[in-house]
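Read the figures in this text as sums done on the coordinates, not as results from a lab. Note that the coordinates shown come from a computational prediction; the quantities given were computed from them, not determined experimentally. Neighbour counts run over all protein chains shown; Cβ positions are idealised from the backbone, glycine included.
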Amino acid sequence: MPWSIIHLAVSFLAFGLMARLWACNRDQPSFATRELADNALYWFFNVLFYGSLVGLILKAGAWAMVADRAPAVLARIDAGYGWAARLPLVAQAALIVVAIDVIQYWLHRAFHGQALWPFHAIHHSAEQVDWTTTYRIHPGNFVIYTAGAYALVKLIGFSPAAFVIIGPFNLVMGALAHANVNWTFGPLRYVIASPVFHRWHHVRDPAVRNRNFAPTFPVLDLMFGTFHMPRGELPAGYGVDGVPTHFVGQMLYPFVAIAERLGAGRKLGAGRAAA
């Protein structure tokens, strides 16, 4: 927890100064947006509950598939095994980042579909996108998109040290991608996700919002036709309609939205049957 607090304080100062100097949206506060309190609650929820989810997913899968051999299988996965664990640590770390990016690209697209959108809409509900928006993730979204992706990649057998190596990279990249900064990374715009690249993904217009899915490598969006980053333009106008503006309402929103959708479906089915 102390290191988490230090990281938070440093990020607050660093990204606030960057937004003051190189703002993408100058009408937005540099340090404290009106959504800061809710985003801080998401961060706290993250620190308290999300850290053990990858292990829980692997444990549940092992017990479901091999029951009596689950402890031995889990111990081997945790220690790293096979060809992946024999690679140099730097190569392992690079492969992990690429593998997770590919998986999360497709999971991200799935979360923009009707079935999973209510969970992901919480992340998109931010109207003043900044580095703290990184933490604005509903638990249902986190379990599948983050913990699920990492659990899949851990099954490949990479060394635990390689996952430690990529930790700081992911912390910085996630926050930087959401930062209120007008950086495009110039000639590297197709190589690594810039703040402008990801901020286009947060605009209110669904035609634009359903683009730029790659967490780290925009080349995936280029390959699959979802890249959007017009030269000389900056994104503006963020958020989605219908999502509550407070933390508790946002926690409940996906379940309420899905229940309403199911209720509407039943009424429609009953109406057709009566006709």
Practice item. Could you grab the relative contact order for the chain? Cα pairs under 8 Å, six or more apart, rounded to a whole percent. Key: 23 percent
Point to revise | Residues of segment 77-119 with amide N under 14 Å of a point placed 7 Å along Cα→Cβ from M223 | key: 95-107
Practice item. Report, in order of residue number, the helices in the chain meeting two criteria: a C-alpha extent of 27 Å or more along the helix axis, and a mean Kyte-Doolittle hydropathy of at least 0.0; treat each whole DSSP H run as one helix. Key: 2-22, 89-111, 160-178, 247-274
Check your understanding: When each pair of different Cα atoms in segment 68-112 is counted once in the 1/r mean, what is the Kirkwood radius in angstroms, to one decimal?
Key -> 12.5 Å
Practice item. Report the extension gain between L188 and F169 in nm, rounded to one decimal, defined as 0.36 nm multiplied by the number of residues separating them, less their alpha carbon distance. Key: 5.1 nm
Exercise for review: Send over the semi-axes of the chain's equivalent ellipsoid, whole angstrom and largest first, taken as the square roots of 5 times the C-alpha gyration tensor eigenvalues.
Suggested key: 30, 28, 19
Check your understanding: Which residues in segment 117-158 have a backbone N closer than 11 Å to a point placed 7 Å from the Cα of A110 along the Cα-to-Cβ line?
Key -> 144-146, 148-149
Study note, to complete from the structure: Check: C-alpha center segment 174-196 vs C-alpha center segment 61-135, spacing in Å is 22 Å
Study note, to complete from the structure: If R0 = 22 Å, then Y50 and V102, at their Cβ-Cβ distance, give a FRET efficiency to the nearest 0.05 of 0.50
